[in-house]
Amino acid sequence: MQQLISLYSKWCGEEPAQVEKLPGAGSNREYYRMTAADGTSVVGCIGTSRDENHAFVYLCQHFTQRQLPVPKLLAVSDDELRYLQSDLGSVSLFDAVRGGREAGGRYTLKEQELLKRTIRQLPNIQMRGARGLDFTNCYPQAEFNVDSVLFDLNYFKYCFLKATELDFHELKLEADFRLLAKDLTAERCDAFLYRDFQARNVMLDSEGNPYFIDFQGGRRGPYYYDLASFLWQASAKYPYKLRREMVYEYYNALKQFTEVPTPHHFVERLSLFVLFRILQVLGAYGFRGYFERKQHFISSIPPAIQNLRELLEVAHFPYPYLIDLLQRLTELPQFQQIELTASRADGYKTTAHNPYRQHPQDGPATFSKYDSQGPLVVKVYSFSYRKGIPEDESGNGGGYVFDCRSTHNPGRYEPYKQLTGLDEPVIRFLEDDGEILTFLDSVYRLADAHVRRYMQRGFTSLMFCFGCTGGQHRSVYSAQHLAEHLHDKFGIEVRICHREQHITQTLPAR
């Protein structure tokens, strides 16, 4: 620590007025915010690996020369174990989108824009950053290759898969691992592979512009890897719809720097890296969780398994034994946990009470304040169009309004002028004519489906209105018959109001 202060003093001309230790990163390096008397601050780093620090120093200087959004290197010790860099503040992308993450993937438009702005910048550092870069300075290796892929796949096998006690044939699995490794490295790409591209490693300035940190593990490799790493990060819980939009943003941004493959080929290649990245992450979670007993990593396993489950539903891979094994893995009882989503401070939340069969690309359904409030009460009105459509008193804005004026009107005949649709002579006239019955058949089918769905969702109010010229014959008959039909079929409470006749009736729930 004193040596870091000495480096600061040599650079600044005086000791810092304040030194604050910052939360640790994934490596053993320590970070400190060092603030001068005038309030300006820098970030100091103390490392334990000269090679790791050297990689950061070299890459940071190279990226700065390429005018990429990275911190500026201010001073480096002779042994490269300590350095000073510009202070990019305390707001990471991880912190900025916390609300959406904690709400199970329900991100606001502002959070989505921050994510998309970041993903649009990724090809910039991958492609422009690779130009003129001497990859021999990378740590711990210069290139993404078959050996590194097989290392990570075996890490998954020994640190995660074996810990689940799922039975598998090791030789068959190894054969598919080798095929996957061959496919992942089949296309040479001279991009800079960030390796640890995640929301924690992106800092935001006051205007929300992204700056990249902790890239010392980078190497030459395919650009698909970083996209898969970012979008399929288990804790982020990005819904498929948002992921798809970010893939589109990335693909279009990549076009500015290099010739891109067709969308179909791009998506196929990306799926391979998503599969690999999920297995790689599960290996890390297995070691940190099952062996080191760190609860954070144990709790991160179910979301990672969910990522795998969703991937297997929408993608197809030429590794039959591996895919069958992974399918069985996702079906293990310990991974069937269903997470209930917490509310967001801004009012966004998701609901588990959803009768609709959703596609995985659509993500979680938004919570509705009307869900699960039941029981359902249906209100049925008859009215005269001359006096206007009945107002909805529930606050929902109204429901169905059916126009009965196309059917034969008994009010045109003297015997029925003083009667209503509740009287036997009018009922006989309408049913003998038959038009009203055909009309109501269509209404019943529509109403039945609507009532059934509202009962499934736990809604409390539904309104049907029937209008005719005077609100006396056809509308009264139709409203009364629909009310009795719904009450008989569903046993729900139905409230009837023949507005122009000043008649109300309640059919109680059974």
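Among the residues of segment 471-506, write down those that are touching a helix residue (DSSP H, G or I) at 6+ places or on another chain (Cβ under 9 Å), modelled with pLDDT of 95 or more and in a loop (DSSP other than H, G, I, E, B).
Selection gives Gly471, Gln472, His473.
Which of the strands (runs of 3 or more DSSP E) found entirely inside segment 158-244 contain at least 1 residues meeting this: over 26 Å from Asp87 (Cα atoms)?
Details: elements: 191-193, 202-204, 210-212, 219-221.
Once the strands (runs of 3 or more DSSP E) in segment 158-244 are filtered for at least 1 residues that are over 26 Å from Asp87 (Cα atoms), what remains is 191-193, 219-221.
Does segment 123-136 include one or more residues that are under 25 Å from Gly286 (Cβ atoms), in a helix (DSSP H, G or I) and open to solvent by less than 20 Å² (accessible area, probe 1.4 Å)?
Residues of segment 123-136 that are under 25 Å from Gly286 (Cβ atoms), as a first pass: none.
Looking for residues that are under 25 Å from Gly286 (Cβ atoms), in a helix (DSSP H, G or I) and open to solvent by less than 20 Å² (accessible area, probe 1.4 Å), one finds none in segment 123-136, hence no.
Select from segment 145-162 the residues that are over 29 Å from the mean Cα position of the chain (by Cα) and open to solvent by less than 70 Å² (accessible area, probe 1.4 Å) and list them in ascending order.
Asn145, Val146, Ser148, Leu150, Asn154
Which residue is modelled with the lowest pLDDT, if the candidates are limited to segment 394-417 and must be under 21 Å from Val451 (Cβ atoms), of a type in the set (Gly, Ala, Ser) and surrounded by 12 or more Cβ atoms within 10 Å (Cβ to Cβ)?
First, pick out the residues of segment 394-417 that are under 21 Å from Val451 (Cβ atoms): 394-404.
Checking the rest, the ones that are also of a type in the set (Gly, Ala, Ser) come to 394-395, 397-399.
Narrowing further to those that are surrounded by 12 or more Cβ atoms within 10 Å (Cβ to Cβ): 394, 398-399.
Details: Ser394: 85, Gly398: 88, Gly399: 94.
Here the residue is Ser394.
Does Val281 meet the test of being without any contact (Cβ under 8 Å) to a residue 60 or more places away in the chain, over 20 Å from Leu114 (Cβ atoms) and assigned to a helix (DSSP H, G or I)? Step through it out loud before you land on a result.
Values: without any contact (Cβ under 8 Å) to a residue 60 or more places away in the chain: yes; over 20 Å from Leu114 (Cβ atoms): yes; assigned to a helix (DSSP H, G or I): yes.
For Val281, the condition - without any contact (Cβ under 8 Å) to a residue 60 or more places away in the chain, over 20 Å from Leu114 (Cβ atoms) and assigned to a helix (DSSP H, G or I) - is met.
Can you tell me which residue in segment 269-300 is surrounded by the most Cβ atoms within 10 Å (Cβ to Cβ), limited to those that are among the charged types (D, E, K, R) and at negative phi? Can you show your working first?
We begin by selecting, within segment 269-300, every residue among the charged types (D, E, K, R); these are 269, 277, 288, 292-294.
Those still in the list that are at negative phi too: 269, 277, 288, 292, 294.
On the way: Arg269: 20, Arg277: 24, Arg288: 17, Glu292: 10, Lys294: 14.
Across segment 269-300, the extreme among qualifying residues is Arg277.
Among the candidates Glu14, Glu20, single out the residue that is open to solvent by 30 Å² or more (accessible area, probe 1.4 Å), part of a strand (DSSP E or B), out of contact with any Phe, Trp or Tyr (no Cβ under 6 Å at 6 or more places or on another chain) and over 17 Å from Met203 (Cα atoms).
On the way: Glu14 fails: part of a strand (DSSP E or B).
Residue meeting the stated conditions: Glu20.
Please work out which one of (1) touching a residue at least 24 places away in the same chain (Cβ under 8 Å); (2) farther than 26 Å from Glu113 by Cβ is the condition Phe215 fails and give its number.
(2)
Just name the residue that is nearest to Gln198 (Cα to Cα) out of those in segment 253-268 that are open to solvent by 20 Å² or more (accessible area, probe 1.4 Å), assigned to a helix (DSSP H, G or I) and touching a residue at least 12 places away in the same chain (Cβ under 8 Å). Quick ask: steps written out before the conclusion?
Of all residues in segment 253-268, those open to solvent by 20 Å² or more (accessible area, probe 1.4 Å) come to 255-265, 267-268.
Filter once more, so that each one left must be assigned to a helix (DSSP H, G or I): 263-265, 267-268.
Going one step further and asking which of them are touching a residue at least 12 places away in the same chain (Cβ under 8 Å), we end up with 263, 267.
Numbers: Pro263: 24, Val267: 20 Å.
Top of the filtered list is Val267.
Could you list, in sequence order, the residues of segment 191-214 that are closer than 19 Å to Cys138 by Cβ and not polar (S, T, N, Q)?
As a first pass, look at segment 191-214 and keep what is closer than 19 Å to Cys138 by Cβ: 191-198, 201, 212-214.
Scanning segment 191-214 gives Ala191, Phe192, Leu193, Tyr194, Arg195, Asp196, Phe197, Phe212, Ile213, Asp214.
The values are calculated or read from the model by the stated rules, or taken from the named source; none is laboratory data. Model, not experiment: these values are computed from the prediction. Heads up, the Cβs are rebuilt from the backbone with ideal geometry, glycines too, and the neighbour counts pull from every protein chain shown. Each accessible area value is taken on the protein alone, full model and side chains, heavy atoms only, with ligands, DNA and RNA left out. Shrake-Rupley method; radii C 1.70, N 1.55, O 1.52, S 1.80 Å.
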